[in-house]
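Working notes, beginning with the structure itself.
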C-alpha cells in the first residue's frame, strides 16, 4: 500500500512513460540485466511495481534531460546478483544501504539500491 504523503494533494505516482529508440534492446536489458520480466503491448513494454507502472514506448528521445530512475531491490543479495551480471561493484549509498548504477540502451541512468 502506498502511503499518501503530506503536501501532495493526494497525488500518488502511478506511471512513468519513457521513449526509447529500440524497444527490443530495452526489453532484453530489463530482463537480462535486472531480472525483470516486462509485459509487451505492441510497440511498448510495461513493468509494474505494485501500484506503479513504468512504460517504455518506441519513440526515440530527441533531447536528453537529466533523468535518473531509482529502483529499490529487496535486499543486498539481490543487489549483489545484479552487480555480478553487470560486472560492477556496489557502493555505500548516501542515507544508508548499498547501490549501483546501470545505464539502459537509451542511456537512461538507473540507480539500484538496497536499504
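What are the residues in segment 19-35 that are within 24 Å of residue 79 (Cα to Cα), touching a helix residue (DSSP H, G or I) at 6+ places or on another chain (Cβ under 9 Å) and surrounded by 12 or more Cβ atoms within 10 Å (Cβ to Cβ), if any?
33, 34, 35
Taking the condition in a loop (DSSP other than H, G, I, E, B) and at pLDDT 85 or above, does residue 35 pass?
Criteria met by residue 35.
Output the residue which, of all residues in segment 81-114 that are modelled with pLDDT under 95 and part of a helix (DSSP H, G or I), is surrounded by the most Cβ atoms within 10 Å (Cβ to Cβ).
Ranking the qualifying residues of segment 81-114, first place goes to 82.
Would you check if there is a residue in segment 61-74 being surrounded by fewer than 14 Cβ atoms within 10 Å (Cβ to Cβ) and on the phi > 0 side of the Ramachandran plot?
So far as segment 61-74 goes, no, none of its residues is surrounded by fewer than 14 Cβ atoms within 10 Å (Cβ to Cβ) and on the phi > 0 side of the Ramachandran plot.
The values are calculated or read from the model by the stated rules, or taken from the named source; none is laboratory data. The model shown is predicted, which means the values in this text are computed figures rather than measured ones. All Cβ positions, even for glycine, are placed from backbone atoms using ideal geometry, and neighbour counts span all protein chains on display.
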